[in-house]
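Asker: Below is one structure. I have some questions about it.
The values are calculated or read from the model by the stated rules, or taken from the named source; none is laboratory data. Just so you know, these numbers come straight off a predicted model, no measurement behind them. Because the Cβ atoms are built from the backbone with ideal geometry, glycine has one as well, and the counts that use them run over all protein chains shown.
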């Protein structure tokens, strides 16, 4: 099976992946799920956490990972995506792709004969959601909590809303009106049993929340919108300050643009659990790879 969106897993499969991640993190399982296996890692977008966590995870599971950057592969440029999928499937046991266009991972998934994992697209970041849910379950002992998302309704937010719906985690999403979560994502969340609330008021979203989650206001590929987006988010009070955060745990998928979506003081405070969250990318992805290759 492929893992292109968080809801490609069933609730039971998601629980299995998270439980395996916890066991691997605690050293309770044998880390040989990728013994003799190779993972191709396609990167159109650079990333510290995605590359290091996947490459380290593959090694710890007894496997090997090959980095394929923009200068190493002809994905969609000189070779059709479907041909890349077919060729790589003859060499490797799993493909991870971090690309711009979500249609590219869908095409990889359609034509590959090995599992394809979405390491991030402009539409979704399901691997981040696995780490988010693992972190929240550790923090609260389960999912009986409310998380306020404050910021851009981007790919990370959209995957998180869907993942939260799957596990029964309450979410309140605060975004400027022009940068809200896609209606289709909210409809999918409802079909999964979730009831995410939406607002344009950051203070209203945080009031009553048990944790606060934010991400950058300007994602990779949106540089031309930078000045416009900064103006909107700053004027509407979407920056996470110590005052807005209060004593709630702070989540951020990183990298953080300190002074923009979050202050330095807030992310350096004792309330920030962003480093646990970053570490959990490794464990969650190891749990995922173990499941996909089992």
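Asker: Closer than 12 Å to residue 271 by Cβ, assigned to a strand (DSSP E or B) and not assigned by TED's automatic domain parsing to the domain that holds residue 43 - does that describe any residue in the range 205-216? If you could, list the steps in order and put the result at the bottom.
Answerer: Here is the first cut: in the range 205-216, the residues closer than 12 Å to residue 271 by Cβ are 210-212.
The next check asks that each one be assigned to a strand (DSSP E or B); those that pass are 211-212.
Now narrow it down to the ones that are not assigned by TED's automatic domain parsing to the domain that holds residue 43: 211-212.
Yes - at least one qualifying residue is present in the range 205-216.
Asker: Can we say residue 260 is in a loop (DSSP other than H, G, I, E, B) and touching a helix residue (DSSP H, G or I) at 6+ places or on another chain (Cβ under 9 Å)?
Answerer: Working: in a loop (DSSP other than H, G, I, E, B): yes; touching a helix residue (DSSP H, G or I) at 6+ places or on another chain (Cβ under 9 Å): yes.
So residue 260 fits the description; yes.
Asker: Working only within the range 219-245, note down all residues that are loosely packed, with under 15 Cβ neighbours inside 10 Å and under 24 Å from the mean Cα position of the chain (by Cα).
Answerer: Selection gives 220, 221, 223, 224, 225, 226, 241.
Asker: Please go through (1) surrounded by fewer than 20 Cβ atoms within 10 Å (Cβ to Cβ); (2) under 16 Å from the mean Cα position of the chain (by Cα); (3) in contact (Cβ under 8 Å) with a residue 40 or more places away in the chain for residue 101 and return the number of the only condition it doesn't satisfy.
Answerer: With respect to (1) surrounded by fewer than 20 Cβ atoms within 10 Å (Cβ to Cβ); (2) under 16 Å from the mean Cα position of the chain (by Cα); (3) in contact (Cβ under 8 Å) with a residue 40 or more places away in the chain, residue 101 is out only on (3).
Asker: Separate question: All but one of (1) in contact with a strand residue (DSSP E or B) (Cβ under 9 Å, 6 or more places away or on another chain); (2) surrounded by fewer than 24 Cβ atoms within 10 Å (Cβ to Cβ) hold for residue 164; state the number of the condition that does not hold.
Answerer: (2)
Asker: While we're here: Check off (1) out of contact with any helix residue (DSSP H, G or I) (no Cβ under 7 Å at 6 or more places or on another chain); (2) closer than 25 Å to residue 155 by Cα; (3) part of a loop (DSSP other than H, G, I, E, B) for residue 114 and give me the number that stays unchecked.
Answerer: Status for residue 114: all satisfied but (1).
Asker: When the residues of the range 117-143 are filtered to those that are in a loop (DSSP other than H, G, I, E, B) and in contact (Cβ under 8 Å) with a residue 24 or more places away in the chain, which remaining residue is farthest from residue 197 (Cα to Cα)?
Answerer: Ranking the qualifying residues of the range 117-143, first place goes to 121.
Asker: While we're on this one: Output the residues belonging to the range 32-60 that are over 19 Å from the mean Cα position of the chain (by Cα), surrounded by fewer than 16 Cβ atoms within 10 Å (Cβ to Cβ) and assigned to a loop (DSSP other than H, G, I, E, B).
Answerer: Listed by number, the residues that qualify are 32, 35, 36.
Asker: Cβ contacts < 7 Å: first residue surrounded by 14 or more Cβ atoms within 10 Å (Cβ to Cβ), restricted to the range 79-90; second residue part of a loop (DSSP other than H, G, I, E, B) and modelled with pLDDT of 95 or more, any location; separation 6+ or different chain. Result?
Answerer: 85/112; 88/112; 89/112; 89/113; 89/114
Asker: Would you say residue 64 is touching a helix residue (DSSP H, G or I) at 6+ places or on another chain (Cβ under 9 Å) and in contact (Cβ under 8 Å) with a residue 12 or more places away in the chain?
Answerer: So residue 64 passes the test.
Asker: Here's another thing I want to ask about it. One residue is enough: does the range 76-88 have a residue meeting the conditions farther than 24 Å from residue 143 by Cβ, at pLDDT below 95, assigned to a strand (DSSP E or B) and out of contact with any strand residue (DSSP E or B) (no Cβ under 6 Å at 6 or more places or on another chain)?
Answerer: The answer is yes, given that some residue of the range 76-88 is farther than 24 Å from residue 143 by Cβ, at pLDDT below 95, assigned to a strand (DSSP E or B) and out of contact with any strand residue (DSSP E or B) (no Cβ under 6 Å at 6 or more places or on another chain).
Asker: Can I ask one more? What residue, among those in the range 176-194 that are touching a strand residue (DSSP E or B) at 6+ places or on another chain (Cβ under 9 Å) and either part of a helix (DSSP H, G or I) or free of Cβ contacts under 8 Å to residues at least 24 places away in the same chain (or both), is surrounded by the most Cβ atoms within 10 Å (Cβ to Cβ)? Show your work before the answer.
Answerer: Pass one, the range 176-194, residues touching a strand residue (DSSP E or B) at 6+ places or on another chain (Cβ under 9 Å): 180-181, 186, 189, 194.
Next cut, either part of a helix (DSSP H, G or I) or free of Cβ contacts under 8 Å to residues at least 24 places away in the same chain (or both) only: 186, 189.
On the way: 186: 21, 189: 23.
For the range 176-194, the residue satisfying everything is 189.
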